[in-house]
1. For labels at A16 and S37 in the simple 7 Å Cα→Cβ model, what's the distance in nm?
2. All other residues with a Cβ under 13 Å from the Cβ of S37 taken together, and with Lys, Arg as +1 and Asp, Glu as -1, what is their net charge?
3. 7 Å from Cα along Cα→Cβ at both V28 and E138: what's the point-to-point distance in nm?
4. So if we plug the beta-carbon distance of E145 and R93 into 1/(1 + (r/R0)^6) with R0 = 30 Å, what FRET efficiency do we get, rounded to 0.05?
5. Modelled label-to-label distance, D76 and E118, 7 Å Cα→beta-carbon offset: nm?
Amino acid sequence: MPEPKTRRRGTELEQAILDAAWAELRDVGYARFSIESVAARAGTSKPVIYRRWSNRAELVFASWGAQAPIEHFSPDTGALRTDLLVLFTRIARRADAMMNEVIAGVMSEVFRHPEVAELLRARLHGAPVAAVVQTIVERAVERGEIPPVELTPRAGRLPFDLVRNDSVLCRAPMSNDAIVELVDGVYLPLLRGLALARDDG
């Protein structure tokens, strides 16, 4: 006789739902994405999903965040520039994985539903990329590459904002040349400017 299936709980169940949501997004896009379809893929029920995520936009954000997460990512190549190149590349590849139609679909929800707009604002303000940038900058200061920098919250999450803007406008995977341009032409000058401003202050 076949062994009975073990009931999934906790993180195992959540991961199954997030994987199912991501597969559904890739197959049908945001416009046709539904909690019911995700539940069927994950082998669970709609109430189980709604106990964790209150709407489909929230579930989409969560499934996106589970792809190549930034939280525990901390490049340490030994140089500020190459650390930033690795970070920007990581963010860009995450943006590439999140299809433009999905981004457009979520943004349309933002304009129609204030609760989704608030969710997006909260996720942007709490984006883990700022903590990663802070670690990269602190290491660069310790190596003597740059003077101490006071990294504002907006400056800390700017790598994410720059990549997201390029991805949405160009509607194509970001090239390596574009990543180099953002690092060399925008972000490194910004960090050096912040360091000078701190010294002058």
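1. 2.1
2. Summing Lys and Arg as +1 and Asp and Glu as -1 gives +2.
3. Reported label-point gap for V28 and E138 is 4.4 nm.
4. Once rounded, the FRET efficiency stands at 0.75.
5. Inter-label distance under the simple model: 4.0 nm.
Taken together, the values in this text are just the output of simple stated rules run on the coordinates, not laboratory data. Because the structure is predicted, anything quoted here is derived from the model rather than measured. With ideal geometry, Cβ positions are generated from the backbone for all residues, glycine too; neighbour counts draw on all protein chains shown.
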